[in-house]
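Novice: So that we are looking at the same thing, I have put the structure below in structure tokens.
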Amino acid sequence: MVCLDELGPEGAKSFRGTVWVPAGKEESRGARAKQEVDDGRRGKGYIFGAFCPASGEAFTAPYSSRSAVNWANFLEQVEAWLPERAQRVYAIVDNLSAHRATDVLLFSWAHPRWEFVFQPTYAAYLNLIEPWWKVLRSLALKGRRFESWEEIEAAVAAATAYWNQHRHPFVWGRRRRHQPRRKPGLARVPITA
């Protein structure tokens with residue numbers, strides 16, 4: 001199973017992050033972290049991504065626009081990226097018109113091992129690449145200022161390489177937190193004053 005989607009549009013701008021404000025001086029004590037206003041008009045584009053939840057492996061590619069031609073080109077890159085031993089590829093995608101274009105239909109005829117599964121409208125949570133986009137944004141974009149689209153491309157490529165070096169299987173659902181076991185027996189009597 002491969003989850004496919006696009007992140008964007010992303011622009012070359014300042015991305016919010018956590019900034020530590022030292023509390024050494026009285027005037028800085030209690031002061032809020034401030035960030036310069038940034039309109040982000042220095043270039044924009046889209047990041048297309050493929051994600052295999054079972055292995056945690058990811059693949060990203062930058063594009064200047066979100067078109068059917070770029071999507072078909074991205075599918076060709078994903079086909080080359082996927083191992084040949086995978087006999088069947090289930091691609092989970094949303095209902096964007098570029099994902100259902102003639103170029104994509106021609107791609108699926110040329111590659112019979114691919115089967116596209118379209119998620120329902122307004123159900124982005126069913127695609128496991130959506131929580132991975134959050135991880136990628138925190139690795140690549142959070143708290144940084146970019147002067148050009150090429151800097152964003154480099155940051156996303158570095159974050160994807162870092163993720164693939166430290167990947168782990170992705171599990172759908174909330175993280176289970178450890179809760180101590182309750183001791184068997186009677187409930188405690190409330191303390192009265």
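The values are calculated or read from the model by the stated rules, or taken from the named source; none is laboratory data. This structure is a prediction, so every number in the text was calculated from the model and none was measured. Positions of Cβ are backbone-derived with ideal geometry, glycine not excepted, and every protein chain shown enters the neighbour counts.
Novice: Does residue 135 satisfy the condition of being β-branched (Val, Ile, Thr), part of a helix (DSSP H, G or I) and surrounded by fewer than 19 Cβ atoms within 10 Å (Cβ to Cβ)?
Specialist: Taking the combined requirement at face value, the residue satisfies it.
Novice: Can you tell me which condition residue 91 does not meet? The list is (1) touching a residue at least 40 places away in the same chain (Cβ under 8 Å); (2) of a type in the set (Gly, Ala, Ser); (3) touching a Lys or Arg at 6+ places or on another chain (Cβ under 9 Å), and all the others hold.
Specialist: If we test residue 91 against (1) touching a residue at least 40 places away in the same chain (Cβ under 8 Å); (2) of a type in the set (Gly, Ala, Ser); (3) touching a Lys or Arg at 6+ places or on another chain (Cβ under 9 Å), just (3) comes out false.
Quick grid of which residues meet (1) closer than 25 Å to residue 15 by Cβ; (2) aromatic (Phe, Trp, Tyr):
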| position | (1), (2) |
| --- | --- |
| 61 | yes, no |
| 71 | no, yes |
| 74 | yes, yes |
| 100 | no, no |
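Novice: How many residues, within segment 160-169, are in contact (Cβ under 8 Å) with a residue 24 or more places away in the chain and outside any helix (DSSP H, G or I)?
Specialist: Counting residues in segment 160-169 that are in contact (Cβ under 8 Å) with a residue 24 or more places away in the chain and outside any helix (DSSP H, G or I) gives 3.
Novice: Also: Taking residue 108, is it surrounded by fewer than 13 Cβ atoms within 10 Å (Cβ to Cβ) and either of a type in the set (A, V, I, L, M) or at pLDDT 85 or above (or both)?
Specialist: no
Novice: With acidic (Asp, Glu) and touching a His at 6+ places or on another chain (Cβ under 7 Å) as the only criterion, which of 84, 130, 79 stands out?
Specialist: Residue meeting the stated conditions: 79.
Novice: Still on this model: Pick from segment 138-159 the residues that are free of Cβ contacts under 8 Å to residues at least 24 places away in the same chain and of a type in the set (A, V, I, L, M): which of them is surrounded by the most Cβ atoms within 10 Å (Cβ to Cβ)?
Specialist: 140
Novice: Please count how many residues of segment 49-75 are of a type in the set (A, V, I, L, M) and at pLDDT below 90.
Specialist: Number satisfying all stated conditions: 1.
Novice: Is there any pair linking a residue in segment 96-109 that is free of Cβ contacts under 8 Å to residues at least 12 places away in the same chain and closer than 10 Å to residue 75 by Cα to one that is among the hydrophobic types (A, V, I, L, M, F, W, C) and in a helix (DSSP H, G or I), with Cβ under 9 Å and at least six apart or on different chains, and which?
Specialist: 108/75
Novice: Can you pull out the residues in segment 111-130 that are part of a helix (DSSP H, G or I) and surrounded by fewer than 17 Cβ atoms within 10 Å (Cβ to Cβ)?
Specialist: 124, 125, 126, 130
Novice: Let me confirm something: among 124, 154, which residue is aliphatic (A, V, I, L, M) and either at pLDDT 85 or above or closer than 18 Å to residue 57 by Cα (or both)?
Specialist: Only one candidate qualifies: 154.
Novice: Ok, one more. Select from segment 90-102 the residues that are surrounded by fewer than 17 Cβ atoms within 10 Å (Cβ to Cβ) and closer than 21 Å to residue 47 by Cβ and list them in ascending order.
Specialist: 95, 96, 97, 100, 101
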